[in-house]
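Notes follow once the structure below has been shown.
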Amino acid sequence: MTFAAVHRSADPPPDPLRLRALPDAAPTDAQLVARSVDEPAEFAALFDRHAGAVHRYLGRRVGDLADDLLSETFLVAFRRRAAYRAEHLEVRPWLLGIATNVLRGHERSERRRYRALAREAGRPEEHADDPADAGDRLAAQALRGPLAAALAGLKPRDRDALLLLAWGQLGYGEIAAVLDVPVGTVRSRLHRARRQTRAALGDVSPFDPTSEEDDR
Amino acid sequence: MNDLTLLRQAGPDAAPLSTAARSAARAALLAEIEGASMRTPGRPAIRIGRPAAVRTGLAVLTAAAAWAGAVAITGPGAADPAPNGSDGLTLVAVEEITFPLSLDPVPAGMTPSFTGATGDPEAVAGYTAPDGTGFSISLSPTEPAWGDDPYLTEHGTTTVTGVPARFATGTMPDNTCTVANVCFDDHPVAALAWERAPGQWLSLRGDGAFGNRDALVAVGESLVDRPQPITLQVGLAPAGWSVVDWHESSGAVGVADDADPTRLIGVQCMPEAPAGANEMDNGSVEQRIASVTAIDPVVATTVGGRPAQVVRAHDYMDPEQRFWLVAWELADGTLCTVHAPEDFTQDDVVAIAEGVVHTP
């Protein structure tokens, strides 16, 4: 037993090192997955830790359907827990990858949602934010419709890569791992998705000509 | 603004995860887990975890202490067998489950938590300060090994109540955080081991204020042979069954058939978590019962005078895996459940539930 057992993923997380010294300290995600192979109940703690993040990712993509897909994601993850390899991937990206796969059966729902949001965009919204943010907020609000339409128009695989990057906040290596494709393929998909998104926004695009590599 | 920022700020948003949706998804997962637990040979039954912010580990001190204390007793000290047993099933009293040692005095501000299971170490008690630092006490029948822990860099010998002991100390690197999410730079850690009595090895590990030799020796010298009962007790179990697993942090006790350890009873009482980062809704009795696949209609009953439900159900994936589930809620909102093999009678299961005592 060691005081720390840090594992590495394709993109080391920025979180601080956690104290894992004592046998009774909170186990890491990876430890929970490993233990759950023989002691299934250990897996429940992963739900408590990650349900919110997974649901938010799903909810942004499919709205209310996220409630059902959250359950499906964790059931799939539980059944595949023996295949999880901590040295390849952190648990949160692994769960988001499973969620992405679960979403594949609901591409129509996802597109319909984006199109509906595109139609509904433009209606004024109420906010209680800092007035100093009002300019950016209004600019963002004006883009909601075109952006949703742009997402609806992307190829599913390109959209997966883009939204894992933007909403899942996964690194290129992590996206490659969860989609089971080479990193180069991820770069290609992201390049295409981002180019099409910019093009779809057309005149309303607020984009600066920034690099795509430094804006995770 | 670039396109990723735009997606995050102006992209479709998600509705917050509702309590009902969270509870339903969690219940579905737990039903799957419980089915898998019932299928896992030799494993103690249900252990439903919230974020494990509490010290875990433990099992049985010596045959005369915790382990024997966990065995259903049938001798003169036993309670009268419960009248509801059938088909040869006789319910008998289960001796109080305890951690066999206490600290005298107890360090101020430290919260204890105990765990036990078959294996080595046999038992662990954790004492945690509000900032997540603290120490653990592990009981083993054999000399514990520290392995090649990279953070234990200084090794030496000392004594605990005059008994030779070995210790190790070290420092965790910068930005080390405890389970309470309090972070430290250059966090001290220490370990201490000695044979307190023949066949009773103690291993202490501490961090922070307990991350040094003298603090752990002081803890070691304050240990006394005074059992501490855990918060969840199983009052009744079938004769010939034994407590094999107990985890105070997850409020669970596993009881197995001595003749066939794959046959398990799982008892759990989960208090509502306090508001905060780990806030969790346990759901209701109805939701808990609804999370399993009922074979027969749900039956309303009472446990300890509280409304309860009992159902015969099967596993979510494997209809051949059948079990009883009874659920009830204590007055403080704690949700308790008992799982038992299908060949028990409904009265057996409810009688076992009646014997459950939760004293937070």
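The values are calculated or read from the model by the stated rules, or taken from the named source; none is laboratory data. The structure presented is a predicted model; accordingly, all values stated were derived computationally and were not measured. When we count neighbours, we look across all protein chains shown, and the Cβ atoms used for this are built from the backbone with ideal geometry, even at glycine. Ligands, DNA and RNA are excluded from the accessible area calculation, which covers all protein heavy atoms including side chains. Shrake-Rupley method; radii C 1.70, N 1.55, O 1.52, S 1.80 Å.
A few points about this structure:
- B:Leu223 being more than 30 Å from A:Ala45 (Cα to Cα) and buried (at least 24 other Cβ atoms within 10 Å of the Cβ): no
- Filtered by the rule that a residue be open to solvent by 20 Å² or more (accessible area, probe 1.4 Å) and free of Cβ contacts under 8 Å to residues at least 12 places away in the same chain, the range A:166-180 gives a lone residue, A:Asp180.
- Of all residues making up the range B:226-246, the number that are surrounded by 24 or more Cβ atoms within 10 Å (Cβ to Cβ) and in contact with a Pro (Cβ under 6 Å, 6 or more places away or on another chain): 2
- Among residues of the range B:6-54, those that are at pLDDT 50 or above, open to solvent by 50 Å² or more (accessible area, probe 1.4 Å) and farther than 16 Å from A:Leu65 by Cα, counted: 2
- Against the test of being in a helix (DSSP H, G or I), of a type outside the set (Phe, Trp, Tyr) and without any contact (Cβ under 8 Å) to a residue 12 or more places away in the chain, the options A:Arg60, A:Arg92, A:Arg35 yield a single qualifying residue, A:Arg35.
- Residue match in the range B:312-325 (condition: open to solvent by 10 Å² or more (accessible area, probe 1.4 Å), more than 25 Å from A:Leu75 (Cβ to Cβ) and modelled with pLDDT of 90 or more): no
- Qualifying residue in the range B:109-123 (condition: at pLDDT below 90, surrounded by fewer than 20 Cβ atoms within 10 Å (Cβ to Cβ) and part of a strand (DSSP E or B)): yes
- Taking the conditions (1) within 27 Å of A:His88 (Cα to Cα); (2) more than 9 Å from chain B (Cβ to nearest Cβ); (3) part of a helix (DSSP H, G or I); (4) out of contact with any Phe, Trp or Tyr (no Cβ under 9 Å at 6 or more places or on another chain) in turn, A:Leu170 satisfies each one other than (3).
- Only a single item in (1) under 18 Å from B:Ala21 (Cα atoms); (2) over 22 Å from the mean Cα position of the chain (by Cα); (3) modelled with pLDDT of 80 or more is not met by B:Asp296, and it is number (1).
- Considering residues of the range A:25-66 that are of a type in the set (Lys, Arg) and within 8 Å of another protein chain (Cβ to nearest Cβ) only, the residue most open to solvent (accessible area, probe 1.4 Å): A:Arg56
- In the range B:184-204, the residues that are farther than 19 Å from B:Pro100 by Cβ and open to solvent by less than 10 Å² (accessible area, probe 1.4 Å): B:His187, B:Val189, B:Ala190, B:Ala191
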